[in-house]
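Report on the structure given below.
The values are calculated or read from the model by the stated rules, or taken from the named source; none is laboratory data. As the structure is a prediction and not an experimental result, all values here were calculated from the model. Backbone-built Cβ (ideal geometry, glycine too); neighbour counts: all protein chains shown.
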Amino acid sequence: MSFARVAIIGLGLLGGSIGLAVRESLAGCTTTGFDADPDVRRRAGVRGLVSRVCDSAAEAVADAELVIFCVPVGAMEQAAREIADVLPTDAIVSDVGSSKAAVGEALKKALPGATVIPAHPVAGTERSGPDAGFAHLFRQRWCILTPVEGTDPAALARLSAFWEALGAKVELMDAAHHDLVLAVTSHIPHLIAYTIVGTASDLEGVTRSEVIKYSAGGFRDFTRIAASDPTMWRDVFLTNREAVLEMLGRFTEDLTALQRAIRERNGDALFDLFTRTRDIRRSIVEQGQDDARPDFGRGDHDG
């Protein structure tokens, strides 16, 4: 079920973490890696993110059994085209992108006839680049696979086993449904974070130094999310445009209702909303998807 040779295209947070996790958890598996940025390749070599850092994507995938694209979703098709002529016919192709319908179409278009199984490990930090990765990033986190109808069951089982070996919990999901779910749980929260931090920065009568100096816990959490890689998130919003706009419309309606409750001094409505959202927070902690310790345990983070 395991892979002997894995190629990782893109050696930032996720690609680097995959390489480190493979080294720690899959004895006998050799990893090759490539990144378009020569400085990233150099750092990847210094940190030992993969067994061998290659000078081209074609070199990295030459004899790979599994190829994982860890590039921004907007660059996925072009990155796949660069290996189309050398991809082994029996290799499984996957990715780590946060939007799945568009990525699946891009990979299929660039690699016709290849076994493509899109994936999304729901894990990460606000950090990016080759120094951000760590081997335990995927432990007890979900990895969602979005196979299309007719996907080879054996290939799907092998990819599932790979992610489980890295510590992830695997879930299968339709790509369109994935994009809707992630629009709610990830994409809209990032959009809100970028917006509120930008609003605070632009406020007249409030200096940037005051915003930074008097940041309370809530705003600090927004800035943590808003520090995420801008290229990656630009591409996520463009490739998952329809689902994001649908959820943004729902959010706007709920925000309007909240404005009305405040304007009308409707304390009961506010209390009911805050009680319901607190219960959701408790459920997330109970399922192990976050930490109930003060500051969410971030002071103890090993990343």
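Taken over the stretch 20-44, the criterion of being within 19 Å of residue 76 (Cα to Cα) and in a helix (DSSP H, G or I) is satisfied by 38, 40, 41. Reported count of residues in the stretch 225-245, each being more than 12 Å from residue 194 (Cβ to Cβ) and not acidic (Asp, Glu), is 9.
Among the residues here, residue 157 does not qualify as of a type in the set (A, V, I, L, M) and modelled with pLDDT under 95.
Quick one: is residue 27 aliphatic (A, V, I, L, M), assigned by TED's automatic domain parsing to the domain that holds residue 168 and at pLDDT below 95? Criteria met by residue 27. Taken over the stretch 32-50, the criterion of being within 22 Å of the chain's Cα centre (by Cα) and basic (Lys, Arg) is satisfied by 41, 43, 47.
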